[in-house]
Amino acid sequence: MILLAAFLLGTGAFPTYRIGALEFAIRNGGIVEQAPKIIKVWANSPQIRVAVANNAPGFYNGMLQWRNVPAGSYLVSSRGVAEAATLTAGNLVARLSLPGGGRSSWRLESTIPKDYHFAIAYTAEAYRKFLPQQENSKLRFAIELGGTTIFSAMEIVSSLPFPTYLLPSFRDEAKLAQRYLGGRYFALATGPDRLLLLDNRGYKLDSEQMQWVEQQLRDFRLAGVRRIIVFMQRSPELRRRAHNSIAKRQEVRRLSKLLRKARITAIFAGGAERPASKNWQGIPLYLLDRREVIVADIKDTGFKISCCGKNKER
């Protein structure tokens with residue numbers, strides 16, 4: 001399975017799965033359901049990639065359903081052929097046909113424009129309860145900051161008319177996040193911008209994650225991205241009396257230095273007792289409670305937010 005991931009997806013560690021004679025390697029998502037002749041994959045990124053090998057001697061015919069995809073998405077096969085486009089957000093279905101010993105791969109392509117709206121909430125429930133219906137048509141995607149467990153969040157956001165990318169919750173083990181979301185932390189490309197979704201549930205960012213953040217920021221700078229926005233389950237502030245912050249002063253300093261140097265547009269964090277807006281180390285910081293939904297409007301001319309799905313400044 002490791003060889004399949006390395007050969008078809010490049011270097012790196014990706015969740016791998018075996019379903020009968022089929023062997024999968026997936027980046028930025030995971031297999032969440034299987035039924036006779038249909039395999040369902042959760043896309044926790046607009047750039048999910050799936051590789052599959054058929055280890056049986058006979059032919060395999062079935063379907064591959066990609067869940068949680070943006071409107072206007074389509075697949076590109078390993079042969080460079082575009083397949084299975086969808087005009088609406090939600091599900092995308094492609095035929096999975098492989099001869100014995102055969103293998104193939106697909107990557108999801110998403111047409112998110114330069115100017116777009118997206119939403120941020122700490123819990124998946126907030127989208128269903130507190131986001132006004134008229135806001136739904138504006139949103140290209142949403143981010144959920146780990147206030148709801150993975151499976152509950154998937155069930156809730158599957159009914160929404162836009163994809164929602166999930167952080168693991170405080171009750172989700174690392175293995176679960178790796179298997180179904182593609183990892184505890186990851187980066188998304190949305191048009192000319194980049195989103196960093198970080199895991200600081202344990203009141204820290206471990207050294208491996210910090211090194212990854214540093215490398216991502218270097219790559220973003222070389223790529224000339226327009227804006228970088230950061231999301232995490234807890235506040236990046238130094239933990240003192242507050243229960244919802246990072247514990248080590250040295251780590252806070254290192255993180256703030258990296259983010260200030262990269263000119264981060266904003267940071268969004270969940271788990272707050274009440275909503276708050278702050279200036280943290282020169283970076284706008286927005287703290288969300290369980291009820292709030294923030295809608296962000298991002299353009300070449302600026303970055304603007306409103307709260308609770310209303311056209312009202314926070």
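Quick notes
Every residue, every condition in (1) modelled with pLDDT under 90; (2) crowded, with 23+ Cβ neighbours inside 10 Å, yes or no:
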position	(1), (2)
Leu3	yes, no
Glu23	no, no
Glu33	yes, no
Asn44	no, yes
Val52	no, yes
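- The condition (being touching an Asp or Glu at 6+ places or on another chain (Cβ under 7 Å), basic (Lys, Arg), touching a residue at least 40 places away in the same chain (Cβ under 8 Å) and over 19 Å from Ser169 (Cβ atoms)) is satisfied by just one residue among Arg254, Arg227, Arg221: Arg227.
- For Tyr203: the one exception among (1) in contact (Cβ under 8 Å) with a residue 40 or more places away in the chain; (2) open to solvent by 10 Å² or more (accessible area, probe 1.4 Å); (3) within 25 Å of His117 (Cα to Cα); (4) not in a helix (DSSP H, G or I): (3)
- Annotation note: Cβ proximity below 6 Å between a residue of segment 146-169 that is surrounded by fewer than 20 Cβ atoms within 10 Å (Cβ to Cβ) and a residue that is modelled with pLDDT of 95 or more and among the acidic types (Asp, Glu) (sequence gap 6+ or interchain) occurs for Thr149/Asp172.
- Matching residues in segment 144-187 - criterion: being assigned to a strand (DSSP E or B), aliphatic (A, V, I, L, M) and farther than 14 Å from Ile120 by Cα: Ala187
The values are calculated or read from the model by the stated rules, or taken from the named source; none is laboratory data. Since this is a predicted model, take the numbers as computed values, not measurements. Ideal geometry is used to build each Cβ from the backbone, glycine not excepted, and the neighbour counts take in all protein chains shown. SASA here: full protein model, heavy atoms, side chains in, ligands and nucleic acids out. Shrake-Rupley method; radii C 1.70, N 1.55, O 1.52, S 1.80 Å.
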